[in-house]
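Okay, structure first, notes after.
Values quoted throughout were computed directly from the atomic coordinates according to the rules given, and no laboratory measurement underlies them. Just so you know, these numbers come straight off a predicted model, no measurement behind them. When we count neighbours, we look across all protein chains shown, and the Cβ atoms used for this are built from the backbone with ideal geometry, even at glycine.
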Amino acid sequence: MNEQIKNSILASLTADAYLLGSHWVYDEAQLKDLPINWNQLNAPQAMWHKGKSKGDFTHYGDQTFFLLEYMTQNKSFNKEDFYNFWHKKMASYDGYIDGASRGALEHMGSSSNDLSICGRLAPLLINAKNKEDFLSSVNDLVTITHNSALAKTASEFFAQLLWDSKENQNIQGNIEKLKSAYPTLSSWIDAGVNSKDKETFSTIRDFGPACGIDGGFAGVIHLLSLEDDFTTLMQKNAKAGGDSSARGMVVAMILGTQNNFKHNKEWTNSINLIQEIRENINANI
């Protein structure tokens, strides 16, 4: 595993742990008065994360960690095998179980248009033979819990962007190059890129801060079009509320591929599972 893959995995998980604090808070007045410190990890303020503590993940980060564990143990991705692994984990999971996961617990192939699946892809880079192999694994992962045309298309776009940004250190240029191959996403790509000079809070609220790809996709492109560092981007994203973790994990895993990427070490070291994460990552080096 090279440093870019390691950073991509760590960045996505760090983002989720940081964003837990304001995740799924939608009310604008409440967001401005949240009793949290925006410079550190915080306990969740939304009722949906009852039982979670400072340093924990949302259910998105938890499922990304499950995938990291699986890839460490198996070194490659097999859809049916991972589904059994995931199902066993989720059957006894005591965190929030969203609609996509609830459906997949009943049968493989749950359909969902939620953005969150797009941010769980970084562990699939482990031992990927080439881009085609990686994209195939991404499609297999997505169809387990988010088997909809929109989720598969959006995930493929971000998987391509993740791979291309690992190979070519120009995220904004890579977005532009990919746009022509994804006509169903092009209006959201344009909207996100064209909003780069606008204030993030109102921009994300205008696009739509909720869980769906419709709205969330443009918010991700907006964040990736800014020139801010990881910490600043995550803070801007967190303050916009809604499904900040879904947006933030996608942004973070792509930023992590850049040679000049700078972790927020305080946030990463404050993750409650950081020792287990490092053990899994180190097992792949």
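Return the residues of region 101-125 that are of a type outside the set (Gly, Ala, Ser), surrounded by 24 or more Cβ atoms within 10 Å (Cβ to Cβ) and out of contact with any Gly (no Cβ under 8 Å at 6 or more places or on another chain); say none if nothing qualifies.
Once the filter is applied, which keeps residues that are of a type outside the set (Gly, Ala, Ser), surrounded by 24 or more Cβ atoms within 10 Å (Cβ to Cβ) and out of contact with any Gly (no Cβ under 8 Å at 6 or more places or on another chain), region 101-125 yields 117, 118, 120, 121, 123, 124, 125.
Buried (at least 20 other Cβ atoms within 10 Å of the Cβ) and among the small types (Gly, Ala, Ser), is that true of residue 149? It would help to see each step written out before you state the result.
On the way: buried (at least 20 other Cβ atoms within 10 Å of the Cβ): no; among the small types (Gly, Ala, Ser): yes.
No.
For (1) assigned to a helix (DSSP H, G or I); (2) within 21 Å of residue 117 (Cβ to Cβ); (3) without any contact (Cβ under 8 Å) to a residue 60 or more places away in the chain, each residue gets a yes or a no:
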{"position": "201", "(1), (2), (3)": "yes, no, yes"}
{"position": "215", "(1), (2), (3)": "yes, yes, yes"}
{"position": "219", "(1), (2), (3)": "yes, yes, yes"}
{"position": "222", "(1), (2), (3)": "yes, yes, yes"}
{"position": "226", "(1), (2), (3)": "no, no, yes"}
{"position": "236", "(1), (2), (3)": "yes, no, yes"}
{"position": "249", "(1), (2), (3)": "yes, yes, no"}
{"position": "258", "(1), (2), (3)": "no, no, no"}
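Give just the number: which of (1) of a type in the set (D, E, K, R); (2) surrounded by fewer than 24 Cβ atoms within 10 Å (Cβ to Cβ); (3) under 15 Å from residue 270 (Cα atoms) does residue 33 not satisfy?
(3)
Taking helices (runs of 4 or more DSSP H) that fall entirely within region 17-133, which contain at least 2 residues that are over 16 Å from the mean Cα position of the chain (by Cα) and under 20 Å from residue 143 (Cβ atoms)?
Details: elements: 28-32, 59-74, 79-91, 99-106.
Helices (runs of 4 or more DSSP H) meeting the threshold: 59-74, 79-91, 99-106.
Just to be sure I understand, how many residues within region 1-13 are of a type in the set (S, T, N, Q) and either in contact with a Cys (Cβ under 9 Å, 6 or more places away or on another chain) or within 10 Å of residue 57 (Cβ to Cβ) (or both)? Outline the logic, then answer.
From region 1-13, those of a type in the set (S, T, N, Q) are 2, 4, 7-8, 12; that's our starting set.
Okay, now just the ones that are also either in contact with a Cys (Cβ under 9 Å, 6 or more places away or on another chain) or within 10 Å of residue 57 (Cβ to Cβ) (or both), so none.
Qualifying residue count, region 1-13: 0.
Go over the candidates 91, 128 one by one and state the one that is surrounded by fewer than 19 Cβ atoms within 10 Å (Cβ to Cβ), over 21 Å from residue 150 (Cβ atoms) and among the hydrophobic types (A, V, I, L, M, F, W, C). Even if it seems obvious, please write down each step before you answer.
Values: 128 fails: surrounded by fewer than 19 Cβ atoms within 10 Å (Cβ to Cβ).
Of the residues listed, the single one that is surrounded by fewer than 19 Cβ atoms within 10 Å (Cβ to Cβ), over 21 Å from residue 150 (Cβ atoms) and among the hydrophobic types (A, V, I, L, M, F, W, C) is 91.
If the Cβ limit is 8 Å and pairs must be 6+ apart or interchain, which residue in region 140-167 that is under 15 Å from residue 108 (Cα atoms) pairs with which residue that is of a type in the set (D, E, K, R) and surrounded by fewer than 20 Cβ atoms within 10 Å (Cβ to Cβ)?
140/79; 141/79; 142/152; 143/79; 143/152; 144/79; 146/152
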